[in-house]
Amino acid sequence: MSLWTHYHTPATVDEALTLLAGYQGRARVIAGGTDLLLDIRHGHTPRPDALVDITRISGIATLRQDGDVMALGAGVTHAQIVAEPVLSARATCLVESCGVVGGPQVRNVGTIGGNVAHALPAGDGTTSLVALDAEADVVLDGVRQWLPLRALFVGPGQSRLDQTRDLLVGFRFRLCGPREGSAFKRIMRPQGVALPILGCAAWVRLDESGARYDDLRICIGPVSKVPSRAEAVEETLRGTTVGAEAVERAVSVARETLRPRTSKFRATAEYRQEMVEVLLRRVLPLAAERARTGEAIPEGVGME
Amino acid sequence: MSEKELLIGQSVRRLDAVGKVLGETAYPGDIDMEDQLWMKIRFADRVHARITAMDTSKAEAHPGVVAVFTARDVPVNEYGLGIPDQPVLCGLGSAKEGADIVRCISDQVALVVADSEAAAAEAVRLIDITYEDLPVITDPEEALKTGAPQLHPHAQGNILTHYRIRHGDMAAGWAQAEVVVEGVYRTGAQEHAYLQPEAGLGYLDEEGRVTVVVAGQWVHKDRQQVAHALGLPEEQVRIIYPAIGGAFGGREDMSVQIVLGLAAWKLRRPVKIIWSREESIIGHHKRHPMTIRAKWGATKEGRLVAAEAEVVADAGAYAYTSSKVLGNAHLMVCGAYVIPNAQVDSYAVYTNNVPNGAFRGFGGPQGAFAAEGQMNRLAEALGMDPVALRAMNVLKDGSITVVGSPLPPGVSLDRVLADGAVQSGYWERPDGQWRRQPVAQPADPARRRGIGMALGLKNIGFSFGAPEGNWATIELYGSTEIERVVVREVGADMGQGAHTAFVQMAAAAVGVPVEKVELLGHDTTYAGDSGSTSASRMTFMAGNAIKGAAELALEKWRAEERPAIATYRYNAPRTTPYDPETGRCDPNVSYGYMAQFVEVEVDVETGHVHVMRVVSAHDVGKAINPHLIEGQIEGAVIQALGYAIMEDVVTKEGRILNPTLSTYLIPTIWDIPQETKSVILEYTDPRGPWGARGMAEMPFIPLAPAIVAAVHDATGVWFDRIPLTPERVVVRLREQGLGVI
């Protein structure tokens, strides 16, 4: 039983948009297909008449560094991200999150754009892109524009992008500079194939002295219905001295402000609450240490 | 050395290796016939309900649909390995009364046969069924209570089976007990998760026999059950297994066999079915969850003097092999030890859950989880080394077990324990005293390492008086010398390599290289009944049959018969069932003995348990093919690791909430031990072919209690419930003040 009738491989964004428009809602965008094909097979997504494969659009699968800014095409795979030395050094959390997704086959075809478009509250790559304050290059309602990544999410699995009409073209974010560092860790079970129980990415900038947090961005998911920043936790740390005391303050604010929920067979809210604390204790010191030393070696990527 | 001696003990390459690696081997789903139709099954929509009306007209009118079958189409509408307590199809108009009730979501209600799989899938949803809900009961302890809904007329109080053991004098035993440990042990359900979901093809063969091509574990039993339901003589039914994609006990009961036979017989056309993973997980049984209450006593020197236990097993909605599995758990709950005074009561209880049944270890893992848990706690309470405590109490040749009889000759537990402990590297015995090496701890204080061990025994062959034996035929072709050997032996090779072992043993028995031997297997028309591939019995039983047939054929060869053909049935020594009052019996033909040593790392903050290393020591009697044995050890260890740590069938009101492999989590390459060391020991089994014992279930059995002991060693906390999901671990650790900053 075929999951679709027609399959297109446009070479340009315009061509893709024309194809989608022509099918009037009966076509869907596909990149790696690691989520979409399962969703169609399980009946969570209706069988489309056509699939529009965007991975052959010129430039959509490339990484481009322009000074301190990194641009990623939406069709860049998890494996490409993991293999990029600049990202390992200067966007470490993204490499760490993309490195734990699925198995090698999934990382070889699954794309960062697909991860974001799927709009799960705990998409690994998404969690790190939020911490890196990424922007998305999209065609929304026929208008090509840059939007903050967080503006794309409506609810669990619901994106502002209509995948029968709109297009996610790419991302950009600032690479870590001096006194900046990032880290990502997740709780999962078993190691590898399953959706995470909880993931946490943090980006940290220290002040000139290296002793205080100048700024932070922390994304923990799934906590709310969309990928979101732990703003109260960030706020309590800004300007304070780096160290165990600060981490414990962050933990106690997280305890008061973050309310993870139970998912039927993945984890209870109580366990997730505890793991928010464990992850903060592991991720914050690591990100701060990377900011202090300017050195970062991604942890937990692929087989160890 | 002769050719014979050279072949036994060699890691002959698997006969199926090249085909499987190249993807050329055909499994049931890969086989097609011209003019074939496709079948889809409508499973029960309710957990426990009476069907009051069924309208199939919309399905029948759907384009492409050839036929819809319901309960009224099944000639003898019942089946079951233990007792025929399940309708083939639940619904109205059944020849057997009472088939209008569905008792679990695995019940099959209707079949749609169409000219395409898509048409069958669409039409099967169009059948309108009206149900009248009945009270659902999913907790076996609740099902035992007075006033609980009764699920089957033949099972008073929902009790399918109750066994007893009354051995020695309990009052005297407890009077001698200076140290007593008690525990309540709970084990979870487990899904077989074989690579190949159920599939098959039914057709009429050239002789008009109803033929089913399917993956199973026992061609003759499948034939009997298909014939029974269709009301046909067994000779009118033929079962063929192509390559089988794993089984582990999960293919012992019927899945698609009867319904394929029924449709092919009615339509006189080939009919094919392939189950999805979800259909597989919902459509076949699971490992029995059990609750075991145990109380053991010992003298302060460590000698066991008394044991009491109660076992409650959730049978699920139908009998399947529950009585047999319970029988084994009932025996194993007292472990591998001399216990002069013992009292055990075990119950298999009907509920509306998916049926529970055969799964590698067959009640042994549940029994060992309690027995070895008790021994490890007793060692702690006595301040004794766990190896030393076991060495003092293990059964030896001539020891009387709790069922009043000795084990069959060739008991090697003491040597398996000692050899395994030393080869694990974790224990030493420099001056006759067992001592454990200290374990190196990681720098990160959240990660704690620990070491644990457990041992066990497992029966080989059918137990408790069931007739046990195996037919084989050997045909010798040639004139002056034997040019070709045909061995007819239909025992199932589920992927473990049984066929390779058969050929190797036939070659050794006749005295020719393996290249000269051809196997005719997996077809009821080729040879007599082999019994099932289960109970770690196939090497033992088929080996004895092949050896016997070869000896007879060689006699004929020497008498100048050409070809020289001999058929032989190996009859195993008789066993006896439990005495209903005392449990006294001579339960088994033979046993395998094993001990496991495990190192774990526990993340006390997240509750993740990682098994770093497993040393698995086994008395296999004689290793016919060492590589195949290592494959079984490594596979069983990983499967048992899943059972102990992560595999969790999540149910709500009798429905499985995680019927996919993205939500029912089995170990991946990141979860398995960095090292699994196989210690293969060869203490001859006087009853086994070339001294061999069965071994394929054994590495599963002690792993969970060994892991629990290692987690205790790492954290100081005992766990009495598996799987050790991170949540459960975190809750218990926090209660003990661990992992909190």
Failed item, numbered, when B:GLU634 is tested on (1) out of contact with any Gly (no Cβ under 7 Å at 6 or more places or on another chain); (2) crowded, with 22+ Cβ neighbours inside 10 Å; (3) more than 9 Å from chain A (Cβ to nearest Cβ); (4) farther than 30 Å from B:ASP133 by Cα: (2)
Scan of segment B:562-578 for residues that are in contact with a Gly (Cβ under 9 Å, 6 or more places away or on another chain), open to solvent by 60 Å² or more (accessible area, probe 1.4 Å) and not aromatic (Phe, Trp, Tyr), ordered by number: B:ARG562, B:THR567, B:ARG569, B:ASN571, B:ARG574, B:PRO577
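On the given criteria, is B:ALA370 in contact with a strand residue (DSSP E or B) (Cβ under 6 Å, 6 or more places away or on another chain), surrounded by 19 or more Cβ atoms within 10 Å (Cβ to Cβ) and among the hydrophobic types (A, V, I, L, M, F, W, C)?
yes
How many of the residues in segment A:127-148 are under 14 Å from the mean Cα position of the chain (by Cα) and surrounded by 22 or more Cβ atoms within 10 Å (Cβ to Cβ)?
Narrowing segment A:127-148 to residues under 14 Å from the mean Cα position of the chain (by Cα): A:127-136, A:148.
Now restrict to residues that are surrounded by 22 or more Cβ atoms within 10 Å (Cβ to Cβ): A:127-132, A:134, A:136.
Total meeting the criteria: 8.
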Any hit, segment A:197-220, residues being among the small types (Gly, Ala, Ser), within 14 Å of chain B (Cβ to nearest Cβ), farther than 30 Å from A:VAL139 by Cα and open to solvent by less than 30 Å² (accessible area, probe 1.4 Å): no
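Please pick out the residue among A:GLU277, A:GLU299, A:GLU231 that is outside the structural domain of A:GLY210 (by TED's automatic domain parsing) and within 22 Å of the chain's Cα centre (by Cα).
Numbers: A:GLU277 fails: outside the structural domain of A:GLY210 (by TED's automatic domain parsing); A:GLU231 fails: outside the structural domain of A:GLY210 (by TED's automatic domain parsing).
Being outside the structural domain of A:GLY210 (by TED's automatic domain parsing) and within 22 Å of the chain's Cα centre (by Cα) holds for just one of A:GLU277, A:GLU299, A:GLU231, which is A:GLU299.
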Qualifying residue in segment B:244-264 (condition: open to solvent by 30 Å² or more (accessible area, probe 1.4 Å) and at negative phi): no
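Take B:PRO587 and decide whether it is open to solvent by 10 Å² or more (accessible area, probe 1.4 Å) and either modelled with pLDDT under 95 or away from every other protein chain (no Cβ under 14 Å) (or both).
For B:PRO587, the condition - open to solvent by 10 Å² or more (accessible area, probe 1.4 Å) and either modelled with pLDDT under 95 or away from every other protein chain (no Cβ under 14 Å) (or both) - is not met.
One line per residue, one yes/no per condition, for (1) out of contact with any helix residue (DSSP H, G or I) (no Cβ under 6 Å at 6 or more places or on another chain); (2) outside any helix (DSSP H, G or I); (3) open to solvent by 40 Å² or more (accessible area, probe 1.4 Å); (4) assigned by TED's automatic domain parsing to the domain that holds B:GLU310:
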site: B:LYS40; (1), (2), (3), (4): no, yes, no, no
site: B:MET54; (1), (2), (3), (4): yes, yes, yes, no
site: B:ALA99; (1), (2), (3), (4): no, yes, no, no
site: B:CYS104; (1), (2), (3), (4): yes, yes, no, no
site: B:ALA110; (1), (2), (3), (4): yes, yes, no, no
site: B:ALA123; (1), (2), (3), (4): no, no, no, no
Residues of segment A:30-52 satisfying the condition of being farther than 13 Å from A:LEU3 by Cβ and more than 19 Å from the chain's Cα centre (by Cα): A:VAL52
Residue count, segment B:713-729 (criterion: modelled with pLDDT of 95 or more, assigned to a helix (DSSP H, G or I) and open to solvent by less than 30 Å² (accessible area, probe 1.4 Å)): 3
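Could you check, for segment B:610-622, whether at least one of its residues is within 14 Å of chain A (Cβ to nearest Cβ), within 25 Å of B:LEU417 (Cβ to Cβ) and open to solvent by 20 Å² or more (accessible area, probe 1.4 Å)? Step through it out loud before you land on a result.
Step one: list which residues in segment B:610-622 are within 14 Å of chain A (Cβ to nearest Cβ), which gives B:610-612.
If we keep only those that are within 25 Å of B:LEU417 (Cβ to Cβ) as well, we get B:611-612.
Adding the requirement that they be open to solvent by 20 Å² or more (accessible area, probe 1.4 Å) leaves B:612.
Yes: one or more hits.
Hey, among the residues in segment B:657-688 that are outside any loop (DSSP other than H, G, I, E, B) and open to solvent by 20 Å² or more (accessible area, probe 1.4 Å), which one's farthest from the other protein chains (Cβ to nearest Cβ)?
Filtering segment B:657-688 down to residues outside any loop (DSSP other than H, G, I, E, B) leaves B:675-681.
Now narrow it down to the ones that are open to solvent by 20 Å² or more (accessible area, probe 1.4 Å): B:675-678, B:680.
Numbers: B:GLU675: 15, B:THR676: 17, B:LYS677: 21, B:SER678: 23, B:ILE680: 28 Å.
My answer is B:ILE680.
I need the full set of residues from segment A:249-258 which are open to solvent by less than 30 Å² (accessible area, probe 1.4 Å) and within 13 Å of another protein chain (Cβ to nearest Cβ), in order please.
So in segment A:249-258, the residues open to solvent by less than 30 Å² (accessible area, probe 1.4 Å) come out as A:250-251, A:253-254, A:258.
Within segment A:249-258, A:ALA250, A:VAL251 meet the criteria.
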Of the criteria (1) in contact with a Lys or Arg (Cβ under 9 Å, 6 or more places away or on another chain); (2) over 29 Å from B:ARG269 (Cα atoms); (3) without any contact (Cβ under 8 Å) to a residue 40 or more places away in the chain, which one B:ALA95 fails: (2)
Helices (runs of 4 or more DSSP H) contained in segment A:28-126 and holding at least 1 residues open to solvent by 10 Å² or more (accessible area, probe 1.4 Å) and modelled with pLDDT of 95 or more: A:78-82, A:85-90, A:104-109, A:112-118
Filtered residues of segment B:129-157 (kept if under 30 Å from B:LYS58 (Cβ atoms) and not hydrophobic (A, V, I, L, M, F, W, C)): B:THR130, B:TYR131, B:GLU132, B:ASP133
B:ASP529 vs. criteria within 22 Å of the chain's Cα centre (by Cα), farther than 24 Å from B:ASP619 by Cβ and either open to solvent by 10 Å² or more (accessible area, probe 1.4 Å) or not assigned by TED's automatic domain parsing to the domain that holds B:PRO408 (or both): yes
Subset tally (residues that are more than 7 Å from every other protein chain (Cβ to nearest Cβ), in a helix (DSSP H, G or I) and open to solvent by less than 30 Å² (accessible area, probe 1.4 Å)) for segment A:259-281: 6
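Which residue out of A:ARG186, A:ARG144 is within 14 Å of another protein chain (Cβ to nearest Cβ) and of a type in the set (D, E, K, R)?
Values: A:ARG144 fails: within 14 Å of another protein chain (Cβ to nearest Cβ).
Selected residue: A:ARG186, the only one of A:ARG186, A:ARG144 that is within 14 Å of another protein chain (Cβ to nearest Cβ) and of a type in the set (D, E, K, R).
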Residue in segment B:542-561 that is surrounded by the most Cβ atoms within 10 Å (Cβ to Cβ), counting only those that are among the hydrophobic types (A, V, I, L, M, F, W, C) and out of contact with any Asp or Glu (no Cβ under 9 Å at 6 or more places or on another chain): B:ALA550
Residue in segment B:271-290 that is closer than 30 Å to B:ARG390 by Cα, surrounded by fewer than 24 Cβ atoms within 10 Å (Cβ to Cβ) and at pLDDT 95 or above present: yes
Some residue of segment B:689-707 being under 22 Å from B:VAL600 (Cα atoms) and open to solvent by 40 Å² or more (accessible area, probe 1.4 Å): no
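Restricting attention to segment B:646-656, which residues are buried (at least 18 other Cβ atoms within 10 Å of the Cβ) and more than 8 Å from every other protein chain (Cβ to nearest Cβ)?
Residues of segment B:646-656 buried (at least 18 other Cβ atoms within 10 Å of the Cβ): B:646-649, B:651, B:654-656.
Within segment B:646-656, B:GLU647, B:VAL649, B:THR651, B:GLY654, B:ARG655, B:ILE656 qualify.
Among what's in segment B:382-437 and is assigned to a helix (DSSP H, G or I) and without any contact (Cβ under 8 Å) to a residue 60 or more places away in the chain, pick the residue that is nearest to B:ASP586 (Cα to Cα). Quick ask: steps written out before the conclusion?
Let us first name the residues in segment B:382-437 that are assigned to a helix (DSSP H, G or I), namely B:382, B:386-393, B:413-424.
Still in the list and also without any contact (Cβ under 8 Å) to a residue 60 or more places away in the chain: B:391, B:414, B:418, B:422.
Values: B:ALA391: 24, B:ASP414: 22, B:ALA418: 27, B:VAL422: 33 Å.
Checked segment B:382-437; the qualifying residue nearest to B:ASP586 (Cα to Cα) is B:ASP414.
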Candidate set: segment A:282-299, residues that are open to solvent by less than 20 Å² (accessible area, probe 1.4 Å) and closer than 17 Å to A:GLY221 by Cβ; chosen: the one farthest from the other protein chains (Cβ to nearest Cβ): A:ALA287
B:SER323, sole failed condition from (1) part of a helix (DSSP H, G or I); (2) buried (at least 24 other Cβ atoms within 10 Å of the Cβ): (2)
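The values are calculated or read from the model by the stated rules, or taken from the named source; none is laboratory data. Keep in mind that what you see is a predicted model, and the values were worked out from it rather than measured. Cβ atoms come from the backbone with ideal geometry, glycine included; neighbour counts cover every protein chain shown. Each accessible area value is taken on the protein alone, full model and side chains, heavy atoms only, with ligands, DNA and RNA left out. Shrake-Rupley method; radii C 1.70, N 1.55, O 1.52, S 1.80 Å.
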